[in-house]
Amino acid sequence: MLAWYDRHRRVLPWRALPGETPDPYRVWLSEVMLQQTTVAAVRPRFAAWVARWRDFASLAAADDAEVMAAWAGLGYYARARNLVAAAKAVVADHGGVFPQDEAVLRTLPGLGAYTAAAVAAIAFGKRAVVVDANVERVVARLFAIRTPLPGARVAIRAAADRITPDTRAGDFAQAMMDLGSGICTPKAPSCLLCPLEPECLGVREGAPEALPVKARKKAKPQRYGTIFWVERDGSVLLVTRPDKGLLGGMRALPTGPWVEAPPGLADAPLAADWEMRNVTVAHGFTHFDLQLALAVARTDAHQAGEWWPIAELDRAGLPTVFAKAAAAVLRRDG
DNA sequence: CAGGCGTGGTC
DNA sequence: TGACCAAGCCT
């Protein structure tokens, strides 16, 4: 794997070149951004982020609203809150120096088993067993582990531990992830190009693409809501959602709870002459699908909240579902 | 442990 | 075209 990595490693903005010393801040940031998120989506966000907050100290001192806006569109917004919390903890509890020990890293908010191991190995050269979805797939095929996930996790982790080298554990982890990303892919793996093919029990037994076995996913329920777009003097009313729960801490358009049947004008943020638009906006979340109605009004009231200039709405940092709703309103107005 | 938690790309 | 999927974490 290490020889294959030396020949085929991807060049990525957060990855040290051979002979370079990794920057722990950049390794950590990239690992968090890459949680359940593609390299293509992370690439431009990583560049913008490190240009704005280049180290732990600057991030620990960052403005919360600006941080959340910078994360808008990346999803799983708890990651952004945890980044700031972890940066503050590094400054307050660790003298501004990122801890190198996997167990200590694990205590920082947003660093779970995978990320703590990945940072220890990649940033600090420690031996750590790094198991993400790529490694799970490669290992399940290499050893023909047919137990369905998540039950197979114990066996997969033990197997990954056995093949992790004592030196260059970081390169080994990144090699496994590059292999899983480009060769040992979920649907149609390129086994002819794989350095592990001669030893792969999944190949020997046939149908490696069927591994790992996963449990069937449950159907997503449908929910409905109404977005309340209210204008005053060329500005629109925005709110900030509570820190916990869906889209926590993010700027948003006012909306009531999302429920099993279309709620119409229930839970409007203020009394006004609401007009229902004859279009809806659909959006899929991880665990439910959402269909939004749009209610529009003008007001002179001094409603609590943030009146945001519509011409600068791009800079508000709205999560995608609200950006879609805003675009739908403005498409007809504009 | 199972479920909450986003989004955009891919086939 | 919709279902699956991506460098998971937290409760």
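The values are calculated or read from the model by the stated rules, or taken from the named source; none is laboratory data. Since this is a predicted model, take the numbers as computed values, not measurements. Cβ atoms come from the backbone with ideal geometry, glycine included; neighbour counts cover every protein chain shown. In case anyone asks, the SASA skips ligands and DNA or RNA and just uses the protein heavy atoms, side chains included. Shrake-Rupley method; radii C 1.70, N 1.55, O 1.52, S 1.80 Å.
Structure data summary
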| item | result |
| --- | --- |
| Subset of segment A:285-303 (residues that are in contact with a strand residue (DSSP E or B) (Cβ under 9 Å, 6 or more places away or on another chain), assigned to a loop (DSSP other than H, G, I, E, B) and open to solvent by 30 Å² or more (accessible area, probe 1.4 Å)) | A:300, A:301, A:302, A:303 |
| Inter-residue pairs, beta-carbon under 9 Å, first within 15 Å of DNA strand B (Cβ to nearest atom) and in segment A:103-116, second among the basic types (Lys, Arg) and outside any helix (DSSP H, G or I), 6+ apart | A:112/A:106; A:113/A:106; A:115/A:106 |
| Wholly enclosed helices (runs of 4 or more DSSP H) of segment A:112-187 bearing at least 2 residues modelled with pLDDT of 95 or more, closer than 20 Å to residue A:10 by Cβ and open to solvent by less than 30 Å² (accessible area, probe 1.4 Å) | A:113-124, A:133-142, A:169-182 |
| So residue A:66, is it part of a helix (DSSP H, G or I), of a type outside the set (A, V, I, L, M) and more than 15 Å from DNA strand C (Cβ to nearest atom) | yes |
| Lone unmet requirement of (1) more than 13 Å from DNA strand B (Cβ to nearest atom); (2) open to solvent by 40 Å² or more (accessible area, probe 1.4 Å); (3) among the hydrophobic types (A, V, I, L, M, F, W, C) for residue A:282 | (1) |
| Every residue from segment A:69-102 that is away from DNA strand B (no atom under 15 Å from the Cβ) and outside any helix (DSSP H, G or I) | A:94, A:95, A:96, A:97, A:98, A:99, A:100, A:101 |
| Top-ranked residue in segment A:307-323 [being part of a helix (DSSP H, G or I) and near DNA strand B (Cβ under 8 Å from one of its atoms); ranked as surrounded by the fewest Cβ atoms within 10 Å (Cβ to Cβ)] | A:320 |
| Candidates A:15, A:26, filtered to the one that is part of a loop (DSSP other than H, G, I, E, B) and either under 19 Å from residue A:118 (Cα atoms) or hydroxyl-bearing (Ser, Thr, Tyr) (or both) | A:15 |
| Scan of segment A:212-267 for residues that are charged (D, E, K, R) and either more than 23 Å from the chain's Cα centre (by Cα) or modelled with pLDDT of 95 or more (or both), ordered by number | A:223, A:231, A:232, A:233, A:241, A:251, A:260, A:267 |
